[in-house]
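Notes follow once the structure below has been shown.
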Amino acid sequence: MLIVYQLAHSFLKVGFFGFGGGFAMIPLMQRMVVHQNNWLSASQFAAAIALGQVTPGPVAISATFIGYKVAGLTGAVVATVAIFTPSLLVMYLIEKFYLKVREKEITQAVLHGILPVVVVLMLQAAISLGRPTVHSFWQILVIVMVAALAITRKVSYGLLVAGSTAVGALMSFWL
């Protein structure tokens, strides 16, 4: 039962302090799951995040997978409820109060201050998830090309994923 409490505590913290959406939660979740509690390896954590991306839901749904790996069905339920509870509470409060204060200067200043932090957290998440999965120079080239196409040419993400998959398949046969 201690492990279930630890899951609830950990994912409540992720839910409360993971400002900026799912991708901003990744570094905090990784620190707790991989480094502090040793519940998953870095590659298992990357797989959990990938599974969260495949499902039609937010990154936070990865908590369900992690909870299941750690403590079975009970762990999955506890981790899921714990990670979503803070967001639900915040959304409730926003619905009640934000409409009244959204045009105020202080509200705009807070939002402008948070945005750069969210960008950095997302970049750090991408680097920490990518580091254990990149094993060759051609993969680095694909990352750079995909980033350049996504940013400068606004190429569809689906096309980028399909193209990267094709390059990976070709390189695995060629090398």
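Rule-based calculations on the coordinates, nothing more; no lab input. On a predicted model such as this, the values are computed, not experimentally measured, just so you know. Cβ atoms come from the backbone with ideal geometry, glycine included; neighbour counts cover every protein chain shown.
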> Which helices, taking whole DSSP H runs in the chain, have alpha carbons extending 24 angstrom or more along the helix axis plus mean Kyte-Doolittle at least 0.5?
Replying inline: 62-101, 105-130, 157-174
> When only DSSP loop residues count, what chymotrypsin sites (Phe, Trp or Tyr not before Pro) in the stretch 16-124 have their Cβ near at most 14 other Cβ atoms within 10 Å?
Replying inline: F19
> Most fluctuating residue of L115, L99, L123 in a GNM of the chain with Cα springs under 10 Å: which is it?
Replying inline: L99
> Does the stretch 134-175 classify as rounded, prolate or oblate by the C-alpha gyration tensor (a ≥ b ≥ c root eigenvalues; a/c under 1.5 gives rounded; else a/b over b/c gives prolate, otherwise oblate)?
Replying inline: oblate
> Among G52, G67, G163, whose mean-square fluctuation peaks in a Gaussian network model of the chain (Cα, cutoff 10 Å)?
Replying inline: G163
>> I need the shape label for the stretch 31-116. Rule: rounded when a/c is under 1.5, else prolate if a/b > b/c, else oblate, with a, b, c from the alpha carbon gyration tensor.
In response: prolate
> Along its principal axes, what span do the Cα atoms of the chain show, with the longest given first and each in whole Å?
Replying inline: 56, 46, 26
> Tell me, what is the FRET efficiency for V120 and V161 to the nearest 0.05, using R0 = 25 angstrom and their Cβ-Cβ distance as r?
Replying inline: 0.55
